[in-house]
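K.L.:
One structure is given below, represented as structure tokens, and several questions about it will come after.
No value in this document is a laboratory result; all are computed from the given coordinates. Everything quoted here is computed from the prediction, not taken from an experiment. Because the Cβ atoms are built from the backbone with ideal geometry, glycine has one as well, and the counts that use them run over all protein chains shown.
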Amino acid sequence: MRELAAGLWHWTARHPDWEEGQEWGPEVSSYAIEDGGRLLLFDPLGVPSEIEELAAGRETAIVLTAPWHERDTRSLVARLGAPVVTPRPDSAADLMEKFGISAEQAGDGSPDLAWLRAGDAGEVHWYSGGDRLPFGIQTFAGREPNDTVLWIESHRAVLSGDTLADFGGGLGVVPGWLREGVTREEVAARLRPLLHLPVELFLPTHGAPTGRAALERAVRPE
């Protein structure tokens, strides 16, 4: 774990679902940000003990960039009682539209965060790309409406789920993660308004923290 700036921490952990041959590496990034008296955990996996100790002493929330970035969310909710702020999982209709599958194949929709949707445990606050979160974070729709990019004004930082990633060749839109009919240029254009903001840090969940120049390269027109 390292402190990138006052009240902003980054760490990596091995993703439990990673398998040999996948284009993304086994280590993924998570972040914690202190916002006044509140602690925000972003796409948390393998949270360091120092961060959990911080969380135990203040109001804490878990913020997901995408519903499939659940990672250690359920266990953290059980231990900390923290609410979860997340985009909605895909419904059956969403899956049919995105992937051209049948109603039978789509079933009841994505299984992501089923325990939260069922009300079995935890408090959830749903958001969509374009919403402003109550703690001063502006959200942008990324490669999918529920795969978001976040502008964290208090730290002049942009945080991305799967929309912009770095697998070792530089930050960018991952072609293999775009569904049919969605282009790299379409996604990049959606994110160019970020360049009008005073961005200093870029925080990917796949890759290491970097700066504004990497974001500029990632979304520039081809």
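K.L.:
For Pro89, indicate whether it is in contact with a helix residue (DSSP H, G or I) (Cβ under 7 Å, 6 or more places away or on another chain), in a loop (DSSP other than H, G, I, E, B) and under 20 Å from Ala165 (Cβ atoms).
P.N.:
no
K.L.:
Would you please name the residue that is farthest from Thr205 (Cα to Cα), looking only at residues in region 30-44 that are surrounded by fewer than 21 Cβ atoms within 10 Å (Cβ to Cβ) and touching a Phe, Trp or Tyr at 6+ places or on another chain (Cβ under 8 Å)?
P.N.:
Arg38
K.L.:
Hey, does region 66-82 have a residue that's in a strand (DSSP E or B) and buried (at least 17 other Cβ atoms within 10 Å of the Cβ)?
P.N.:
Scanning region 66-82, I find no residue that is in a strand (DSSP E or B) and buried (at least 17 other Cβ atoms within 10 Å of the Cβ), so the answer is no.
K.L.:
Residue check: is Ile62 in contact with a strand residue (DSSP E or B) (Cβ under 9 Å, 6 or more places away or on another chain), part of a strand (DSSP E or B), surrounded by 16 or more Cβ atoms within 10 Å (Cβ to Cβ) and of a type in the set (Val, Ile, Thr)?
P.N.:
Here the answer is yes, as Ile62 does meet what is asked.
K.L.:
Can I ask one more? Look at Arg71 and say whether it is basic (Lys, Arg) and at negative phi.
P.N.:
no
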